[in-house]
Amino acid sequence: MSKGSYSCPKAPRIGHYANHNLVELGAYELIKLRQSSSLVFHPWNPIPERKQTVKPKKKRDRMRLARYYQTLLDSGKFESRAALARYLGVSRARVTQVLNRLKDQDATDTKSA
């Protein structure tokens, strides 16, 4: 180097690194003309839209499940809600949640009567 010139390393450019976090659909081509570079995108064929088939949801009777849990408890087969939860494969909190529906229904029935 001569005394009056100073050379600094060039900043990395997008074209020099393969992993440069460019996310686009299609292919791209880097065009370098003189000092500036530009990207030209060649889009792929559009992705065909999937036909959404909407299945009607089955209506579930939430109280039916609560009555079922209560009949299992009343049958004497299970000594506690925890034993019922183990048998059903759900958490104890879920069993309590479902059984509280019966309490809520009883409370609304007494208010309306």
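Read the figures in this text as sums done on the coordinates, not as results from a lab. Remember, predicted model here, so these are calculated numbers, not experimental data. Cβ atoms come from the backbone with ideal geometry, glycine included; neighbour counts cover every protein chain shown.
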* Entries of Lys51/Lys103; Lys77/Lys103; Lys55/Lys111 with Cα pairs more than 32 Å apart -> Lys51/Lys103; Lys55/Lys111
* With θ set to phi - 60° and the Karplus curve 6.51 cos²θ - 1.76 cosθ + 1.60, what are the ³J(HN,Hα) couplings of the stretch 87-97 in order, to the nearest whole Hz, using x for Gly and Pro? -> 5, 7, x, 10, 7, 5, 5, 5, 4, 4, 4
* With +1 on each Lys and Arg Cβ and -1 on each Asp and Glu Cβ, how big is the dipole of the stretch 62-112 about its Cα centre, in debye rounded to the nearest 20? -> 220
* Taking a spot 7 Å from the Cα of Ser112 along the direction of its beta carbon, which residues of the stretch 55-94 have an amide N less than 14 Å from it? -> 63
* To do: Calculate the translational D of the stretch 62-112 in whole µm² s⁻¹ from Stokes-Einstein, where the hydrodynamic radius comes from the Kirkwood formula applied to all Cα pairs, the temperature is 37 °C and the viscosity 0.692 mPa s.
  => 292
* Using +1 at the Cβ of each Lys and Arg and -1 at the Cβ of each Asp and Glu in the stretch 62-112, identify which of Ser75, Leu65, Val90 lies farthest towards the dipole's positive end. => Val90
